[in-house]
Each structure stands twice: as C-alpha cells, then as structure tokens.
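Participant: Can you read through this structure? Questions will come right after.
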Amino acid sequence: GEIAIENPEQGTSLESPLIAANITTNTNDSTENNDGTQNKEQGDPGNKEDDAREKIPPDAFSMLFVAKTYPEYVAPFAVFGLQILILVLISIDLRETYDREVITFMNIPVGVPLSVTVSQVIACIVSVTFSADDLATAVLHVGKRIDPGNDSSVNERARRIKWEVSNLMRMVEGILVIGVSFILIIQSSTAINLWLNFAGVTFVGQLDNILFDLSEMNFLRNKELAKRVSDCRTVHDNCWQTFKRIVRIILSVVITVAMFGVLSIILYKQIDLQFACKSITI
C-alpha cells in the first residue's frame with residue numbers, strides 16, 4: 001500500500017517539472033512569436049509609407065529639379081530646348097503650302113482612302129496612350145509637394161518654385177507633342193507617311209526619358225544626378241493613388257473625345273466633298 005501511494009507521488013513529482021518546463025517553453029515561444037509579430041507590425045507602417053511615397057518622374061525635367069551645379073543643368077536644358085525647337089520647326093512646316101497642289105484649311109487632304117482613315121483612328125489611340133504621358137504626368141504633379149529628405153541646402157519656397165518650373169516645362173513639351181502629332185495625323189494622305197511622321201514626333205517626345213536612361217547608365221558621366229532623381233519622393237498622401245487614377249482616366253477620355261470629335265468632322269467634310277468644293281478656284 002505504501003508503494004502504491006509513493007508511485008503516484010513520485011510520478012506527480014517527476015511529471016510536474018516536465019509539464020512546467022513544457023509550459024514555460026511554449027510560453028517563451030509564444031512570447032517570442034508575439035514579439036516577432038509585433039516588431040514586424042511595427043516595421044510595416046514605415047515600409048508601407050515608404051512604398052506609398054511615389055518616385056518623381058524619371059526624365060530630364062526631374063533631373064533639372066534635382067540639379068545643384070551649373071554643369072548639371074546643361075543636359076536637361078539642352079534636351080528641352082532641342083525638343084521645343086524640333087516641334088516648333090515641324091509646326092511651321094505643317095502650315096506651309098508651297099508644295100501643295102490643292103490648298104485647304106490646315107492643309108487637310110480633300111479625300112483619303114480607307115487605309116488612311118483606319119490609320120488615323122489607330123494613331124489617335126496610340127497618341128493618347130503614349131504621347132500624352134508627359135502631359136498627364138505634368139497635370140498630376142502640379143502643386144505636388146516633394147519630400148526634401150536630408151537635403152537642407154535649398155529652402156522650401158525655392159524648392160517648390162523649382163519644381164513647378166520644371167513641371168511646367170514638362171507640360172509645355174507634352175502639349176506640343178500631342179498637338180503636332182494630331183496635325184500630322186489629319187494632314188496625312190497616305191498611311192506610310194502618317195506612321196513615319198508620327199513615329200518621328202513620338203521619338204522627339206521621348207528624348208527627355210532617353211536622357212535619364214543614358215544618365216542612369218553613366219553614359220554622360222552624370223549617374224549621380226539620375227540617382228538623386230530615383231531617390232527623390234513625393235510627400236505621402238493616402239488619397240494620391242486614387243486621385244492619380246481618376247485624373248489619368250479623365251484626361252485620357254477628354255483628349256480622346258476631342259481627337260475623335262475633330263477627326264469625325266474632318267472625315268464627314270471629306271466624304272461630303274466640302275474640302276473639294278472650297279479648294280476650287282476660278
């Protein structure tokens with residue numbers, strides 16, 4: 001009887017430390033897991049906030065914004081000047097009538113084949129999708145605050161003025177690219193001329209992006225300038241992404257409707273022979 005009583009007590013005394021050790025181990029594990037989870041949760045907001053801070057556009061205009069020394073301003077200003085010069089020269093040439101057999105409003109052809117009409121519709125869609133990117137980006141970044149980070153060399157007011165000026169240059173270039181592209185579209189009388197001219201204007205509109213890509217590869221020995229652009233962030237705004245999508249959709253719809261509206265009117269007048277009648281001289 002005494003042995004029977006001692007065995008349970010011994011079993012209890014032997015098992016208790018094991019149970020206690022298991023409970024302690026599980027508690028420590030759960031505490032460590034909880035601590036790890038808490039630490040991760042505490043780190044997530046910062047990571048999410050960093051991810052939500054959108055990078056400024058990677059182009060020559062942003063390079064102009066982050067430039068600090070005079071040599072760093074040369075390439076962005078040169079590219080912008082080259083773009084404006086080419087687009088203005090094309091615009092002037094499009095208004096000339098020295099090589100036109102039939103003179104009409106805006107040198108629009110009297111009539112075009114179906115292949116040209118289909119190409120014009122496709123070119124309008126492509127223009128809104130690709131050529132309007134600079135204009136949409138400029139509109140979205142008007143008044144946008146830029147995070148100065150650790151840069152305290154420029155005061156806030158000067159930084160905002162510098163950003164708005166560079167963004168205005170982006171907007172002017174975007175408007176000219178869309179305008180010149182559309183004039184080329186409605187003036188084309190053959191499909192091959194339409195696409196060749198359209199591709200050339202689109203390339204001119206991409207020169208600011210090409211400059212940034214070349215700088216990022218240190219082709220122009222200004223990789224540090226491109227790195228500054230990549231490190232620059234906009235001030236965090238929880239509603240920014242939603243607002244950005246809405247503005248891009250509205251802007252794309254407005255430009256598309258305007259292009260197709262004007263193109264429809266021109267097509268109607270071509271079919272109705274209104275341009276042909278007005279081009280007849282006595």
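The values are calculated or read from the model by the stated rules, or taken from the named source; none is laboratory data. Treat the numbers as computed from the prediction; the structure is a model and nothing was measured. Quick reminder, even Gly has a Cβ in these numbers, built from the backbone with ideal geometry, and neighbours come from all protein chains shown. When the accessible area is computed, the model is the full protein with side chains, heavy atoms only, and any ligands, DNA or RNA have been set aside. Shrake-Rupley method; radii C 1.70, N 1.55, O 1.52, S 1.80 Å.
Participant: In the neighborhood of V177, defined by Cβ-to-Cβ distances under 12 Å, what is the net charge if each Lys or Arg adds +1 and each Asp or Glu adds -1?
Facilitator: Values: positive: R170; negative: D133, D134, E173, D208.
Local charge sum for V177: -3.
Participant: Classify the stretch 154-262: rounded, prolate or oblate, from the alpha-carbon gyration tensor (a ≥ b ≥ c, eigenvalue square roots; a/c under 1.5 rounded; otherwise prolate if a/b is larger than b/c)?
Facilitator: Verdict is oblate for the stretch 154-262.
Participant: Sticking with this one: Show me 199-206, 158-165, 173-180, 217-224 ranked by packing, highest mean number of other Cβ atoms within 10 Å first.
Facilitator: 173-180, 199-206, 158-165, 217-224
Participant: Could you list which residues have their amide H under 5 Å from that of D147, counting only those 5 or more apart in sequence or on another chain, with H placed in the peptide plane?
Facilitator: R233, T234, V235
Participant: Ok, one more. For the stretch 60-143, what class follows from the C-alpha gyration tensor (a ≥ b ≥ c being the square roots of its eigenvalues): rounded when a/c is under 1.5, otherwise prolate if a/b is larger than b/c, else oblate?
Facilitator: Oblate.
Participant: While we're on this one: If I take R0 = 35 Å and measure r between the Cβ atoms of L251 and K227 in this structure, what FRET efficiency does the formula 1/(1 + (r/R0)^6) give, to the nearest 0.05?
Facilitator: So the FRET efficiency works out to roughly 0.70.
Participant: Applying 1/(1 + (r/R0)^6) with R0 = 45 Å to the Cβ-Cβ distance of Y70 and F203, what FRET efficiency is obtained, to the nearest 0.05?
Facilitator: 0.95
Participant: Follow-up question, since we're still on this one. How would Y70, Y268 rank on accessible area, largest to smallest, probe 1.4 Å?
Facilitator: Y70, Y268
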